[in-house]
Amino acid sequence: MRQASMSTRISQALRQAVQRRGLSAGLALASGLLLAACAVEVQNTQPAQALKQQAQPQGSVYTGWRVFQDKCAACHGPDAVGTAGGPNLLPRVRDMGSRQFVGLVLKRYDWTAQLGQTKPEGAAWEALIDEVEQRKAYTLTMPAWQGEPRVNAHIADLFAYLSARAQGAQGPGRPTP
């Protein structure tokens, strides 16, 4: 509605200018109004860009990739899509916040949390045992990285890399530094 009233005002101003001063004055006025509208649009994109940057996880995708290659790729594969020794991390990280990620990486990964139980029992427990016996399931525990200085120092970078991969913002392979 606001844009329609602005268009109406521009049209009225153009008609008046053409009637008073001729076609060249009308074109000059139209050019000035269009340039002013463009300037307003450019100014309005700056807050949107700032919000987009704030929504991005803290940390460097490239540095996170380097830490991942050093500490995680042996089990989860070089692109985090899983191997026989560790699961695909992308679907898991996609819905995970940074706080949950830090808790899972720095402390021992608790597979019973996946089952939604505090103690293993019941049908979910039996299904997990069947998967392990048939070698369908991955390793049950991930090592705790709490004592590893490189992981501790770059946990935000590691999350930035995995989050970018999970959201599709970073493809497989080495990111640009």
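The values are calculated or read from the model by the stated rules, or taken from the named source; none is laboratory data. Fair warning: this is a prediction, and the values are worked out from it, not measured in the lab. Areas reflect the complete protein model, heavy atoms only, side chains present, ligands, DNA and RNA absent. Shrake-Rupley method; radii C 1.70, N 1.55, O 1.52, S 1.80 Å.
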* **Output for segment 141-177, where each listed residue is more than 21 Å from the chain's Cα centre (by Cα), open to solvent by 70 Å² or more (accessible area, probe 1.4 Å) and of a type in the set (S, T, N, Q)** => Gln146
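Confirm whether Arg150 is of a type outside the set (Val, Ile, Thr), more than 18 Å from Gln69 (Cα to Cα), modelled with pLDDT of 85 or more and outside any loop (DSSP other than H, G, I, E, B). Working first, answer last.
On the way: of a type outside the set (Val, Ile, Thr): yes; more than 18 Å from Gln69 (Cα to Cα): no; modelled with pLDDT of 85 or more: yes; outside any loop (DSSP other than H, G, I, E, B): yes.
Considered against the rule, which asks whether it is of a type outside the set (Val, Ile, Thr), more than 18 Å from Gln69 (Cα to Cα), modelled with pLDDT of 85 or more and outside any loop (DSSP other than H, G, I, E, B), Arg150 comes out as no.
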* Residue count, segment 77-104 (criterion: under 15 Å from Val61 (Cα atoms) and not in a helix (DSSP H, G or I)) -> 3
* Would you check if Trp111 is open to solvent by 50 Å² or more (accessible area, probe 1.4 Å), hydrophobic (A, V, I, L, M, F, W, C) and modelled with pLDDT under 80? => no
